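Have a look at the structure below before the remarks.
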Amino acid sequence: MKLSFSKSDLNHAIQTVQSSVPSKSTLPILSNFLLEVTKGTKESGERVCLSATDLEIAIRCTVKAEILKEGKITIPAKKFGDLVREMPEGKEIEVSTNDGKRIELKCGKVRAVLMSLSPEDFPTIPEFPQGKSFELDKAGFREMVKKTSFAVSTDETRYVLNGIFFGANAGELKMVATDGRRLAYISKNGAEKTLNSSVIIPTKAVGELLRLIALEGSEGEDKIRIAPFENQISFRWIQNGEEITLVSRVVDGTFPNYEQVIPKTKEIELKVKTSEILSAVKRAALFAQDRGGSVRLSLSKKTLKVSANAHGIGEEEEELEVNYSGPNFEIAFNPAFLLDTLKNNDAPEIQFEFSTPLNPGLVRPSDNDRYLCVLMPMRLQ
């Protein structure tokens, strides 16, 4: 194999895939990238791909290169990334091997040699199942992931909650995440009418999607193809002219019945400007940082009081003018959970819906019932 790259193109590909290289592994081959020339479409011809995997998630990225000789090799990931980053600017980097055991890098007057492992030992990364995939707007998909991922559980004993539920049925897409104390739900139209599938996308894959999918791209880069297939889910999209594929195992298990958690009735409805309530909660949260601390929302005629106090620190409260004429009402929430919910609502106005101080509260954009968050309250003290 013999290939020639621009430093920026090669460095970008390395940054794309390197997070799926495990920091520790009993399999030495997993500490390597796989660099290979593969067959593309009739239009694209041969292409150069850089891949990495930790057996739970795999990322493959095409990279622009001049193909001087075909083949495939594995390269020690960390050392290769460090070397490429330190190579001289503005010069081509030539990567070659004659026996598959030693890789030679040349860049101007710089020459380096790295030892390699057999590419035959590198785990097989499944090809993207084009025929079993569907297409979505990339920015819309990323928004769905971002607006639910903050509610994913980090408790590994409740493994079915360690990811986002992703379901498609009759043209509607749904994403749900919960950790048992809060829940985030969002739905959109856009899936194919015949599609009926549901999986739990694991936390690591969720993080990689948020990292890799840019909100803005050049023309023709605004779509993502998704393929939930057997025990895995695959994503493929074009970014900066290169094709990126992410393959992940799905969480094995049944996601809880989230619909029964979403309140169906309300006694109190309140609309507040998002910027005002977010600022007030941020200030109050400074006084609720102790374990078990809470931010209290107190409603009276035309007034919403946001307050918190911390033993040995002090207290803080402020009043917001609101359009409310119902009975006096108080409820308290975990400050971090409330802040996460407010930060992920980009509507100018937020709507709160409450029934009692002990029942879950619902928070959603005032002009959109397809995105909502449910918060379990804390006991008033």
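The values are calculated or read from the model by the stated rules, or taken from the named source; none is laboratory data. Keep in mind that this is a model prediction, so the values were computed, not measured. With ideal geometry, Cβ positions are generated from the backbone for all residues, glycine too; neighbour counts draw on all protein chains shown. The protein model used for the area step is the full one, side chains on, heavy atoms only, and it has no ligands, DNA or RNA in it. Shrake-Rupley method; radii C 1.70, N 1.55, O 1.52, S 1.80 Å.
One table, with the values for the structure above:
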| read-out | value |
| --- | --- |
| Approximate spin-label separation Glu315-Asp222, in nm, with each point projected 7 Å along Cα-to-Cβ | 5.3 |
| Student exercise, the chain dipole from Lys, Arg, Asp, Glu Cβ charges, in Debye to nearest 20 | 460 |
| Folded to 0 to 90 degrees: helix 7-17 orientation relative to the chain principal axis, Cα | 50 |
| FRET efficiency estimate (nearest 0.05) - Cβ-Cβ, Glu269 to Leu358, R0 25 angstrom | 0.85 |
| C-alpha long axis of helix 274-285 to longest principal axis of the chain, angle in ° | 90 |
| Largest-first principal axis extents of the Cα set of region 1-154 (Å) | 50, 40, 32 |
| Candidates Ser20, Ser51, Ser279: whichever shows maximal mean-square fluctuation once the chain is modelled as a Gaussian network with Cα springs under 10 Å | Ser279 |
| Per residue solvent-accessible surface (Å²) - region 149-196, probe of 1.4 Å | 47 |
| Distance between modelled label sites at Glu46 and Ile67, nm, 7 Å Cα→Cβ extension | 0.4 |
| Degrees, to the nearest 10: 77-86 long Cα axis against longest axis of the chain | 80 |
| Answer label for Cα extents along the principal axes in Å (calculated), chosen among (i) 66, 46, 37; (ii) 77, 55, 35; (iii) 80, 53, 40 | (iii) |
| Phe337 - accessible surface, heavy atoms, 1.4 Å probe, Å² rounded to 10 | 30 |
| Extreme residue, positive dipole direction of region 1-140, given options Val110, Gln18, Gly100 (C-beta unit charges) | Val110 |
| With every protein chain in place, the chain: carbon and sulfur % of accessible area (1.4 Å) | 47 |
| Cβ-Cβ FRET estimate between Lys91 and Ser19, R0 fixed at 25 Å, reported to 0.05 | 0.40 |
| Alpha-carbon centroid distance for the pair region 134-154 / region 229-288, whole angstrom | 7 |
| Simple spin-label estimate for Ala214 and Asn323 in nanometres, 7 Å along Cα-Cβ | 4.2 |
| Selected from Met144, Met175, Met87 as most flexible by GNM, with the chain as the system and alpha-carbon contacts under 10 Å | Met87 |
| Around Glu66: net Lys/Arg minus Asp/Glu count, Cβ-Cβ under 14 Å | +2 |
| Among Asn240, Asn334, Asn257, residue whose mean-square fluctuation peaks in a GNM of the chain (springs only between Cα atoms under 10 Å) | Asn257 |
